[in-house]
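Step one of this worksheet: look at the structure below.
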Amino acid sequence: MANGNSVSLVGNITRDPELRFTNTGQATASFGLAVNRRWQNRQTQEWEEATSFFDVVCWREMAENVAESLSRGARVIVTGRLEQRSWETPDGDKRSKVEVVADEIGPSIRWATAQVTKNERRGPNQGGGSNQAGGANAPESGGGPSPSPSPASGGNAGEAAGYGYSEEPF
């Protein structure tokens, strides 16, 4: 994101991600994010707090992964860009809204643990889980976080995390 329009947020999901599909079958998910800020007032020595609310939008495989993996209350890290959307209501009123279009979303492990499972790669004609996406608009690879059972049950930890013997985890 070399254009100077980048944002990183850490907060809690305020509503379950809503998964939708465009007319061309492209997945999109949106959810609310609450970001809390806490500081000590230097004059009163009291702690003060403010909360900002953001709408987050993600596309394609990330949208499907978010809808499957995340829910209200989850603490996440979002990086992306700000985008303003404008429209006109049926009454003729003009409206606009600034949203965060996500490039990456991941669980915050500051106060929690997480298990990440790598998705299988998808071919150019394979869409998401709903088989509504596909064709020229479908990306060639997937990947992203989603919860999975603990690999502590035995076997190679790399294999349990979705990595082959010849593939490095990072």
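The values are calculated or read from the model by the stated rules, or taken from the named source; none is laboratory data. The structure presented is a predicted model; accordingly, all values stated were derived computationally and were not measured. Methodologically, a virtual Cβ is constructed for each residue, glycine included, from the backbone with ideal geometry; neighbour enumeration extends over all protein chains shown. Keep in mind that these areas ignore ligands, DNA and RNA; they rest on the heavy atoms of the full protein, side chains included. Shrake-Rupley method; radii C 1.70, N 1.55, O 1.52, S 1.80 Å.
Take ASP55 and tell me if it is charged (D, E, K, R) and free of Cβ contacts under 8 Å to residues at least 24 places away in the same chain. Considered against the rule, which asks whether it is charged (D, E, K, R) and free of Cβ contacts under 8 Å to residues at least 24 places away in the same chain, ASP55 comes out as no. All conditions but one from (1) modelled with pLDDT of 50 or more; (2) within 27 Å of GLY4 (Cβ to Cβ) apply to GLY144; the one that does not is (1).
Tell me, which residue of the range 67-83 that is assigned to a helix (DSSP H, G or I) and in contact (Cβ under 8 Å) with a residue 60 or more places away in the chain is surrounded by the most Cβ atoms within 10 Å (Cβ to Cβ)? This residue is SER69. Evaluate the following for ALA114: is it more than 16 Å from VAL7 (Cα to Cα), among the hydrophobic types (A, V, I, L, M, F, W, C), outside any strand (DSSP E or B) and open to solvent by less than 90 Å² (accessible area, probe 1.4 Å)? Judged against the criteria, ALA114 is a match.
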